[in-house]
Amino acid sequence: MTRRFLFVLGSSRSDGNTELLARRAAEQLPEDVEQQWIDLSAHPLPDFEDLRHDSDRVRPTEGDVGLLFDATIAATDVVIASPLYWYTLSAPAKRYLDYWSGWLRTPGVDFKKTMAGRTLWGVTALSDHEPSVADPLIGALNNSAAYMGMRFGGVLLGNGSKPGDVLNDTGALTRAKTFFQGEAPLARFPYEG
């Protein structure tokens, strides 16, 4: 399968630090790797309603839910580009992952099996100079990948608060050059050692 990256932008600000860093990393991908960028502020998902046990599920085909569903199952690599908001994912990025719960029961798709073996990545900008404050965001992505049987490529961290600040983080820009290289390991829950 040809690699196809889906970049899901979860910021409330366009061209913010997280997006700038994700685009720098994406510039390093080979030209034959397809890229699709979906900005959740331009394609907002409605609040997730958990109907897993209450109703019949149908494959989403219309609107922003259909767009994100189709893009997700077509991707070999999903990149969640979310700024660090209150020490975790932004609300739009978290809502996108919440939809995965509903897609698990979409008839004729077997979403979990479809996503198994694919790779989940993260990119985030944080204003704190201590990277460990991003541990909850990293844990959420790692555990989501582990549950789905996906690979986890880790999270590219950059520092910045005001728009454009991340472009002054030379360490993050250096890491961006090689972030998507190599094969990511299968994700594991922390208790699996």
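See the values below:
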item	result
Rounded to 5, percent antiparallel among DSSP beta bridges of the chain	10
Exposure rank, largest accessible area first [Trp86, Trp121; 1.4 Å]	Trp86, Trp121
Candidate lysines for bridging to Lys112, where Cα separation is under 21 Å - those fewer than 8 sequence places away on the same chain excluded	Lys94
Mean separation of Cα contacts under 8 Å (6+ apart) over length of the chain, as relative contact order %	27
Accessible-area ranking of Val58, Val109, largest first, probe 1.4 Å	Val58, Val109
The stretch 1-50: GluC sites (Glu not before Pro) in DSSP coil with no more than 14 other Cβ atoms inside 10 Å	Glu27, Glu31, Glu49
Cα gyration tensor, the stretch 1-124 - rounded (a/c under 1.5), prolate or oblate	oblate
Cα point-scatterer Debye curve for the stretch 89-155, base-10 log of I(q)/I(0) at q = 0.13, 0.17, 0.19 Å⁻¹	-0.40, -0.64, -0.77
Exposed trypsin sites (Lys or Arg not before Pro) absent: longest stretch of the chain, with sites in DSSP loops and at most 13 other Cβ within 10 Å deemed exposed	53-176
Paramagnetic reach from Phe189 (point 7 Å along Cα→Cβ, amide N under 14 Å) across the stretch 130-151	140, 142-150
Solvent-accessible ranking of Ser90, Ser132, Ser144, Ser127, largest area first, probe 1.4 Å	Ser127, Ser132, Ser144, Ser90
Qualifying aspartates and glutamates (Cα of each under 14 Å from Cα of Lys177; at least 8 residues distant if same chain)	Glu27, Asp169
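The values are calculated or read from the model by the stated rules, or taken from the named source; none is laboratory data. Keep in mind that this is a model prediction, so the values were computed, not measured. FYI the Cβ positions are ideal-geometry reconstructions off the backbone, even for glycines, and counts take in every protein chain you see. The accessibility values were calculated without ligands, DNA or RNA, using every heavy atom of the protein model including side chains. Shrake-Rupley method; radii C 1.70, N 1.55, O 1.52, S 1.80 Å.
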